[in-house]
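Pasting a structure here, questions to come.
The values are calculated or read from the model by the stated rules, or taken from the named source; none is laboratory data. Predicted model, so just to flag it, every value in this text is computed and none were measured. Here the Cβ positions follow ideal geometry from the backbone for every residue, glycine too, while neighbour counts run over all protein chains shown. We work out accessible area using only protein heavy atoms, side chains counted, and drop any ligands, DNA or RNA first. Shrake-Rupley method; radii C 1.70, N 1.55, O 1.52, S 1.80 Å.
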Amino acid sequence: MNIFRVLLMVLISSGVSAQQKRARDYGIEIGILKPGKNNAITDVEGVTVGHTTIIEGDHIRTGVTAIIPHKNNVYQNKVPSAIYIGNGYGKLAGYSQVKELGTIETPIILTNTLSVAAATDALISYTLDHPDNKEVKSVNAIVGETNDGWLNDIRGRHIRQDHVLEALQNASPGAVTEGNVGAGTGTVCFEYKGGIGTASRIVPKSAGGYTLGVLVQTNFGGVLEINGVPIDKELKRYPKYSQYSADGSCMMVIITDAPVDSRNLERIAKRAMLGLAKTGGIASNGSGDFVIAMSTAKENLIPNTSNSLFNELQVLRNEEVTPLFQATIEATEEAIINSLFAAETMTGHQGHKVSSMPIPTILEVMRKFNKIKK
């Protein structure tokens, strides 16, 4: 019996079921801008997402999520990019070159803290194995992480290169599975089960009609709010400020088709922290809150080699970027909330159990504040 069949059987026996409804399915509409067709990062044309979920026995609860920004060879067609550090307690690989050059040349991999090295190695192999990259001798792999060590035997370092390659091979457009999948398999958010979440926004045609999508890996704490409703305050449920309450991390990946350069992408990335704050996140001392922002505007992809001395870019003026700020804040907030709605109760390493968010109770509080659209 091959490993994939074994994993499938474990998934079924562990009670991991189909995805629950998302926030909007319950009438919770965050923000004022319209979401894209799938309300996902994949609403940006060419973006694909893939997961590898690893649930084995009673102690392994981890995985990999891959985000590929466009359909072409990313190394040969680099994307203008920026990384913003909200709180730097983390192990994000590849930051310095992005800061220096303002581009990303690989897909983005998210996984657990102690698997960054394995994922980096896999992403290097993925890049070197591309037939157009035969002369490549340097790869700046981008790998983000959060610590899933409460539910997962993280010290076992169970992520292997083939798990990362599988996530890359599985990457597809359309709807994105959320919750207990991929890099979100073993994460905890606001002391509930966290996971992968995503959302998107389309700015008005008068502002360019651009699409912006966000994908998050939620593993952090604070005092939960949903669409302005003080959920934890109403439920008298306050963080204990223990390792797995306020501490943790949140990886946030932003992709837009708007023609934006690295400087303004960093400004956009900063706004994701405002979206995190609107959910009640506090970016605690032990939280690694990193934002990766990219522009996939086709006319501005940067060739790895060129006969020209110049990169000919056409970018939005500073004052035209404001609608993208709004889109980022809204999509980040909703992506985080979607990760909570989609996640399901999980028991893992050393018998630790993390319950899913009590949706009926949450909806009751939302109705009290008239925040459920009828």
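At 0.36 nm per residue, and after removing the present C-alpha to C-alpha distance, how many nm does the segment from Asp25 to Asn304 gain when stretched out fully?
96.1 nm
Which percent of the Cα-Cα distances in the stretch 202-243 go past 17 Å?
Considering the stretch 202-243, 58 percent of its Cα-Cα pairs are separated by more than 17 Å.
Next question, about the same structure. Amide H neighbours of Ile28 under 5 Å, counting only residues 5+ apart in sequence or on other chains, H built in-plane at 1.01 Å?
Sorted by chain and number, the residues that satisfy this are Lys373.
Give me, ordered by chain and number, the residues 5 or more places off Ile226 or on other chains with an amide H under 5 Å from its own placed amide H.
For Ile226, whose amide H was placed from the backbone, the distant partners under 5 Å are Ile231.
For the chain, what does the helix formula give at 222 nm: sum of -39500 (n - 2.57) over DSSP H segments with n ≥ 4, over the residue count, nearest 500 deg cm²/dmol?
-7500 deg cm²/dmol
Report the charge-dipole magnitude of the stretch 298-374 in Debye, nearest 20, computed about the Cα centre from +1 at each Lys and Arg Cβ and -1 at each Asp and Glu Cβ.
520
Hey, another quick one. Quick one: what Rg and Dmax do you get for the stretch 307-355 from the alpha carbons, in Å?
Computed over the Cα atoms of the stretch 307-355, radius of gyration and Dmax are 21.1, 60 Å.
Please give me the summed charge of the neighbours of Ile226: other residues whose Cβ is under 11 Å from its Cβ, Lys and Arg +1, Asp and Glu -1.
-3
Stretch Arg317-Lys236 to full length: gain in nm at 0.36 nm per residue minus the Cα-Cα span?
Length difference between fully extended and current span is 24.6 nm.
Still on this structure: With no solvent and one point per C-alpha, what does the Debye sum give as log10 I(q)/I(0) for the stretch 237-374 at q = 0.10, 0.11, 0.13, 0.16 Å⁻¹?
Reported log10 I(q)/I(0), two decimals: -0.50, -0.58, -0.75, -0.98.
Provide, in order from the shortest bin, the percent of all Cα-Cα pairs of the stretch 108-242 in each 5 Å bin, continuing until the bin that contains the maximum pair distance.
Once binned at 5 Å, the Cα pair distances of the stretch 108-242 give 2, 9, 14, 17, 16, 14, 12, 9, 5, 2, 1, 0.
Report the gain in length on full extension from Leu128 to Asn73: 0.36 nm times residue separation, minus Cα-Cα distance, nm rounded to one decimal.
18.7 nm
With bins 5 Å wide starting at 0, give me the P(r) of the stretch 166-273 over every alpha carbon pair, in whole percents.
Final binned percentages: 3, 10, 15, 19, 18, 16, 11, 6, 2, 0.
What residues qualify as long-range amide H neighbours of Val181, i.e. H under 5 Å apart, gap of 5 or more or another chain, H built at 1.01 Å from N?
Ile196
So for the stretch 89-216: antiparallel DSSP bridges make up what percent, rounded to the nearest 5?
Expressed as a percentage, antiparallel bridges in the stretch 89-216 total about 65.
In the chain, if the dipole is taken from +1 on Lys/Arg beta carbons and -1 on Asp/Glu beta carbons about the Cα centre, which of Ser125, Leu168, Ala258 is farthest to the positive end?
The residue sitting farthest along the positive end of the dipole is Ala258.
Just to check I understand the Karplus step: with θ = phi - 60° and J = 6.51 cos²θ - 1.76 cosθ + 1.60, what whole-Hz values come out for the stretch 35-51, glycine and proline as x?
x, x, 3, 9, 6, 8, 4, 6, 5, 6, 3, x, 7, 10, 9, x, 10
Sticking with this structure for a sec: Tell me, Kirkwood radius of the stretch 123-168 from alpha-carbon pair distances, in Å?
That comes to 12.7 Å for the stretch 123-168.
Place a label point 7 angstrom from the Cα of Leu274 along the Cα-to-Cβ direction, then list the residues of the stretch 325-342 whose backbone nitrogen is under 19 Å away.
325-337
Of Asn307, Asn73, Leu215, whose Cα points farthest to the positive end of the dipole of the chain (charges on the beta-carbon: +1 Lys, Arg; -1 Asp, Glu; origin at the Cα centre)?
Highest projection toward the positive end goes to Leu215.
Taking the Cα centre of the stretch 16-101 as origin, work out the dipole magnitude from +1 charges on Lys and Arg Cβ and -1 charges on Asp and Glu Cβ, in debye rounded to 20.
160
To check my understanding: the extent here is largest minus smallest coordinate of the Cα atoms along each principal axis. What are those three numbers for the stretch 49-103, in Å, largest first?
That gives 44, 31, 14 Å along the principal axes, largest extent first.
Next question, about the same structure. For the stretch 253-312, state what percent of all Cα-Cα pairs lands in each successive 10 Å bin, counting from 0 Å until the bin that includes the largest distance.
In order of increasing distance, the bins hold 19, 39, 25, 12, 4 percent.
Report D for the chain in µm² per second (integer): Stokes-Einstein, Kirkwood Rh on Cα pairs, 20 °C, 1.002 mPa s.
For these conditions, the coefficient is 105 µm²/s.
Just the number, please: percent antiparallel of the DSSP beta bridges in the chain, rounded to the nearest 5.
In the chain, approximately 75 percent of DSSP beta bridges are antiparallel ones.
Lys/Arg Cβ at +1, Asp/Glu Cβ at -1, dipole of the stretch 247-374 taken about the Cα centre: which of Ala327, Ile282, Ile362 is farthest positive-ward?
Projecting each Cα onto the dipole axis, the largest value belongs to Ile362.
Here is a follow-up. Kindly report, to the nearest 10 Å², the accessible surface of Lys91 as traced by a 1.4 Å probe over protein heavy atoms only.
100
Residue by residue through the stretch 233-239, what is 3J(HN,Hα) from phi via Karplus (6.51 cos²θ - 1.76 cosθ + 1.60, θ = phi - 60°)? Round to whole Hz and write x for glycine and proline.
5, 5, 8, 6, 10, 10, x
Same structure, new question: Evaluate the stretch 65-138: find the radius of gyration of its Cα atoms, find its Kirkwood radius, and give the ratio Rg to Rh.
Rg divided by Rh gives 0.95.
A further question on this structure: Once phi is turned into θ = phi - 60°, what whole-Hz ³J(HN,Hα) does the Karplus curve with 6.51, -1.76 and 1.60 give for every residue of the stretch 175-185, x standing for Gly and Pro?
Per-residue couplings from phi come out as 4, 10, 5, 10, x, 7, 9, x, 5, x, 4 Hz.
What does the charge dipole of the stretch 232-374 about its Cα centre add up to, to the nearest 20 debye, if the Cβ of each Lys and Arg holds +1 and the Cβ of each Asp and Glu holds -1?
Using only the charged Cβ atoms, the result is roughly 780 debye.
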